[in-house]
């Protein structure tokens with residue numbers, strides 16, 4: 001049933017047939033998951049630890065404890081010389097690599113488990129916090145970044161005015177402003193939003209300026225011969241002309257904003273999904289940690305797919321490239 | 001047998017038509033136009049030098065010349081997209097500078113706004129001129145009808161063929177009712193069949209509305225078929241070589257492609273654009289360096 005015509009799979013710059021395309025897309029998720037399953041469920045593949053089921057005569061072994069295999073074997077050998085009760089155990093993976101089914105379970109249980117302390121937040125509250133920080137950070141950045149980018153891409157004057165400084169500033173790592181942001185904006189959401197703004201804004205201006213510059217110059221010339229003057233060149237040609245590319249840039253930039261989220265949330269009072277992850281790691285609930293990390297990925301992917309869908313609806317005048 | 005006719009021999013009707021044509025008011029007057037570009041190496045290149053010509057009202061003038069003669073620079077200066085280094089341009093007696101809708105332009109690359117429907121593309125200039133949306137739409141639909149694309153009024157440019165796109169571009173330029181229509185190799189990207197059809201359409205439009213056309217092309221047949229007069233440029237620097245009055249009688253039809261006047265004009269154009277080389281040695285550098293590359297035992301030994 002999985003009969004992929006292999007000779008057609010590796011044609012240079014040719015689109016795959018729809019069936020193969022779907023298959024390969026599924027494979028791109030299936031491959032890492034299979035690898036993870038193999039490492040988790042096939043005992044002799046890795047499993048460097050031993051989970052103690054019966055401590056025997058070893059003084060410091062406790063039931064459920066994870067010890068290195070070498071240590072376990074050494075203790076066993078020692079005891080076999082002195083005729084003591086041998087410890088028993090099963091081979092296991094380290095605590096930081098939970099099995100897939102544990103993580104799947106954690107997807108549900110992490111939402112239903114009550115926080116350990118009353119002051120702590122439920123997972124959905126943490127996620128909501130994170131989404132708010134991203135939303136406001138990206139919105140504020142875009143509110144300034146998009147107009148500045150379009151101006152810089154349209155007028156040489158603004159390009160020369162903004163871009164040299166921004167070019168310099170974007171090399172300053174956003175997290176470096178953490179302490180400053182906290183000093184100025186307090187310890188709650190504001191400094192986190194500020195970090196995302198700093199991380200996104202400068203890239204945004206440059207990326208959008210570049211996109212704007214890529215607009216076919218002959219469209220501007222045609223508009224001029226049709227009587228368009230400065231303002232209408234900008235509002236009736238440049239902006240509608242770059243809108244689809246600009247939209248695509250925004251999708252990529254939103255992805256970058258997510259990467260700043262984790263650093264941003266560590267600033268001031270730790271909060272959001274990052275707080276959840278660090279807290280769960282502290283409790284050694286690595287299944288929850290994995291679940292939380294995957295959740296970020298899923299949220300990102302779903303948002304991006306939604307935006308891509310809306311983009312296709314919005315810019316239906318574009319030559320459809322892949323449908 | 002008659003003596004062979006040359007491009008200078010005009011029949012009485014043609015002669016009469018040119019006399020009347022030259023009595024028409026002057027639409028475009030180009031005086032001493034020149035353009036020099038600075039090269040990145042710090043030198044200067046003269047693209048155009050001392051261009052003088054006049055175009056009369058409702059005349060169709062083609063500009064032709066070898067590549068690098070500055071045809072495109074000339075039309076871009078006329079459209080106001082580039083500034084001349086010397087000389088001036090008078091449109092109906094008034095000096096012009098900068099782009100303006102009274103000089104409509106049709107580009108080789110269509111340059112339709114891809115985010116606007118055909119109707120909205122044609123409305124673009126009308127709205128810019130301050131017309132209300134309702135009037136602009138009405139007028140736009142008339143122009144679209146003129147180029148025969150009524151049923152595509154709501155289509156987007158990417159749904160149209162090359163020839164259709166160029167018709168929209170023509171309608172869009174004409175909608176502003178320019179005093180002169182500048183066309184920069186508009187059919188250069190079209191296949192031969194579409195091109196022939198487009199030439200026919202353009203002739204019909206030109207015959208029926210009050211429009212003066214300046215048309216750039218590198219296709220000799222196209223120039224002779226369309227033009228009242230042909231401005232032949234020469235390269236390095238771009239100068240006027242000759243202004244030819246096409247002796248083929250109007251109105252034109254494709255049957256005339258083999259008429260003696262047509263062939264005589266074409267012969268003259270070919271002489272002007274590909275002058276016979278005087279220096280024989282020069283040719284050798286521009287030849288293929290061929291040796292026989294067919295195996296001795298090949299089934300097909302020769303193509304003859």
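The values are calculated or read from the model by the stated rules, or taken from the named source; none is laboratory data. Keep in mind the model is a prediction, meaning the values are calculated, not measured. Cβ coordinates were reconstructed from backbone atoms using ideal geometry, including for glycine residues, and neighbour counts include every protein chain displayed.
Laid out as a table, the results:
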quantity	calculated
Verdict on residue B:231 being part of a strand (DSSP E or B), touching a residue at least 12 places away in the same chain (Cβ under 8 Å) and buried (at least 19 other Cβ atoms within 10 Å of the Cβ)	yes
Residues of the stretch A:269-295 classified as closer than 24 Å to residue A:36 by Cβ and touching a helix residue (DSSP H, G or I) at 6+ places or on another chain (Cβ under 6 Å), total	12
Residue match in the stretch A:92-113 (condition: farther than 29 Å from residue A:271 by Cβ and loosely packed, with under 12 Cβ neighbours inside 10 Å)	no
Subset of the stretch B:60-91 [touching a strand residue (DSSP E or B) at 6+ places or on another chain (Cβ under 6 Å) and part of a loop (DSSP other than H, G, I, E, B)]	B:65, B:69, B:70, B:84, B:85
Every residue from the stretch B:113-125 that is closer than 21 Å to residue B:182 by Cα and more than 8 Å from every other protein chain (Cβ to nearest Cβ)	B:118, B:121, B:122, B:123
Test: residue in the stretch A:131-154 that is in a loop (DSSP other than H, G, I, E, B) and at negative phi	no
Candidates B:216, B:230, B:209 - the one that is touching a helix residue (DSSP H, G or I) at 6+ places or on another chain (Cβ under 9 Å) and modelled with pLDDT under 90	B:209
Some residue of the stretch A:254-276 being over 27 Å from residue A:103 (Cβ atoms), exposed (fewer than 15 other Cβ atoms within 10 Å of the Cβ) and more than 12 Å from chain B (Cβ to nearest Cβ)	yes
Any chance residue A:215 is touching a residue at least 12 places away in the same chain (Cβ under 8 Å), surrounded by fewer than 20 Cβ atoms within 10 Å (Cβ to Cβ), within 14 Å of another protein chain (Cβ to nearest Cβ) and in a helix (DSSP H, G or I)	no
Residues of the stretch B:46-105 classified as away from every other protein chain (no Cβ under 14 Å) and out of contact with any helix residue (DSSP H, G or I) (no Cβ under 7 Å at 6 or more places or on another chain), total	25
Selection from the stretch B:48-68 of residues that are buried (at least 21 other Cβ atoms within 10 Å of the Cβ) and within 15 Å of the chain's Cα centre (by Cα)	B:55, B:59, B:60, B:61, B:62, B:63, B:64, B:65
Which numbered condition residue A:316 misses (of (1) surrounded by fewer than 17 Cβ atoms within 10 Å (Cβ to Cβ); (2) away from chain B (no Cβ under 14 Å); (3) farther than 19 Å from residue A:252 by Cβ)	(2)
